[in-house]
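First up is the structure itself, then whatever we jot down about it.
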Ligand SMILES: [Cu+2]
């Protein structure tokens, strides 16, 4: 099998086998025959800050030398190299969440993935209960009209056609009915948009950076440590009981119930960070900070992918978000060398209260109206605004069209 791969790689390098070109297109250019031993082009593992400890041997090995294209290409699919139960048990899966079939990953069903965020639940309701029935009814209605016309007014059945050209009642109806349908769609649609673009105050901010071809996750609220997330080889994914091409060595970890603000950008070309079960998809554009958010109450593991064609290994930069309890999150942060902000409680409605912006100096003399709450309303924002006083760093991005 390995020899076959090398043959393909060599053949493709010389442009001899058209079919192999696609296979080897994703290989690092200067390593035709010995791609396995070649270093990764960007050596993402090297970017990892010292003091971080991958949680098991698979992660450690993958961080040191990320999976190469031939280890994750479709060519070596097949059950022949399935790991034994013993080797699966030997891997330290206990410390990580394992995926639940049908949740957070494609499972062969048609339609949308089961949604786990409030926005996703609202959006999938809108799609499944409003849009799909309307679309189906309209399509069926038009089809029936067409068939009726074809059968009833065919030349043999209707040799002398009617000369009518106007019917006032009919014209009013076929103008008004579509308008009413559009209004009926617009109400929940605009409400959903408003909910998407007016997030609650963030409990946690994660900066997501797309790279060719891996993701990095930075936790500015927790000391600014960075996690480098590479795709796992098929064999390693199988060992962990995770789907191929979706498993990663280091996941993005967030606490359950927390409003997570995601700042999305890229280091080289345009990528797109998306997790279907969260109803989240945001372009990662170099030099620009895009913002989205999600809140997941259910602990578990949720997969996504890069959603913008970004180069040869676009299909090999999956996303895995692990939602854990606040205590597990704190432990994970500590294992990465990060710190938990003292005042921030991940499940509190306002964990950003330790922000210097939202929590101006204690010298503010009196809160308006004799408010006795612990956090006086900030005085450096206009009183009339209903928007949160923080998170103004990328408000401008909320007007984008995507
Ligand atoms: Cu990408």
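The values are calculated or read from the model by the stated rules, or taken from the named source; none is laboratory data. In this text, all values refer to a predicted model and were calculated from it rather than measured experimentally. Note that we place each Cβ from the backbone using ideal geometry, even for glycine, and neighbour counts take in every protein chain shown.
Scanning the stretch 273-292 for residues that are within 12 Å of the ligand (Cβ to nearest atom) and buried (at least 22 other Cβ atoms within 10 Å of the Cβ) yields a count of 2. Can you find even one residue in the stretch 110-118 that is exposed (fewer than 12 other Cβ atoms within 10 Å of the Cβ) and modelled with pLDDT under 95? There is at least one residue in the stretch 110-118 that is exposed (fewer than 12 other Cβ atoms within 10 Å of the Cβ) and modelled with pLDDT under 95. Every test in (1) over 17 Å from residue 102 (Cβ atoms); (2) surrounded by fewer than 24 Cβ atoms within 10 Å (Cβ to Cβ) is passed by residue 260 save one, and that test is (2). When we screen 111, 120, 102 for residues that are in contact (Cβ under 8 Å) with a residue 40 or more places away in the chain and under 19 Å from the mean Cα position of the chain (by Cα), the only hit is 120. Of all the residues in the stretch 293-313, those that are within 16 Å of the ligand (Cβ to nearest atom) and within 12 Å of the chain's Cα centre (by Cα) number 6. Selection of the stretch 169-196 for residues being in contact with a helix residue (DSSP H, G or I) (Cβ under 7 Å, 6 or more places away or on another chain) and under 14 Å from residue 118 (Cβ atoms) yields 192, 195, 196.
The number of residues in the stretch 314-345 that are more than 16 Å from the ligand (Cβ to nearest atom), touching a helix residue (DSSP H, G or I) at 6+ places or on another chain (Cβ under 7 Å) and assigned to a helix (DSSP H, G or I) comes to 1.
If you filter the stretch 213-226 down to residues that are more than 17 Å from the chain's Cα centre (by Cα) and surrounded by fewer than 21 Cβ atoms within 10 Å (Cβ to Cβ), you find that the one that is farthest from residue 274 (Cα to Cα) is 223.
The test for being away from the ligand (no atom under 16 Å from the Cβ), touching a residue at least 12 places away in the same chain (Cβ under 8 Å), more than 28 Å from residue 286 (Cα to Cα) and out of contact with any strand residue (DSSP E or B) (no Cβ under 6 Å at 6 or more places or on another chain) holds for residue 243. Screening the stretch 145-234 for strands (runs of 3 or more DSSP E) wholly inside it with 3 or more residues that are within 16 Å of the ligand (Cβ to nearest atom) returns the ranges 204-211, 214-219.
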